[in-house]
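Just below is one structure, and these are the notes that go with it.
Read-outs: derived from the displayed coordinates by stated rules, not from any lab. Model, not experiment: these values are computed from the prediction. Here Cβ is always computed from backbone atoms with ideal geometry, including for glycine, and neighbour counts include all displayed protein chains.
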Amino acid sequence: MGWGIAQVEAKTRYEVAKSVAKGRTVTNRMTVDPGKRGYTQPVVEYQKFQVERWRELGNCKHDRIEIVGILKGITSSLHFAECQTRQASCTPKP
């Protein structure tokens, strides 16, 4: 049996905007079991981005110079939290 260590790098693309559009409406269809009530609410993800300054060295390696700051943002991928209950209410969990 052999063992190995690997480094996995993933690249994700984000687009940054300074403003958002107001007045948008979203809908979600959910199937609720008989005799139960269903609750749904839209959810967004909050994300922190670390902004760094890097330089490329002569040997094609990179060196981080400094951390410039932290940028807080809301990702635009909307999803819904849902729950079902026989009681009067429940708290939807993503």
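Computed from the C-beta positions of A17 and W54 and an R0 of 22 Å, the FRET efficiency is 0.35 to the nearest 0.05. Rounded to the nearest whole Hz, the Karplus-based 3J(HN,Hα) values (6.51 cos²θ - 1.76 cosθ + 1.60, θ = phi - 60°) of region 82-91 follow the sequence 9, 7, 10, 7, 8, 7, 6, 7, 8, 9, with x at glycine and proline.
Extending 7 Å from the Cα toward the beta-carbon at both A81 and E45 defines two label points whose distance is 1.6 nm.
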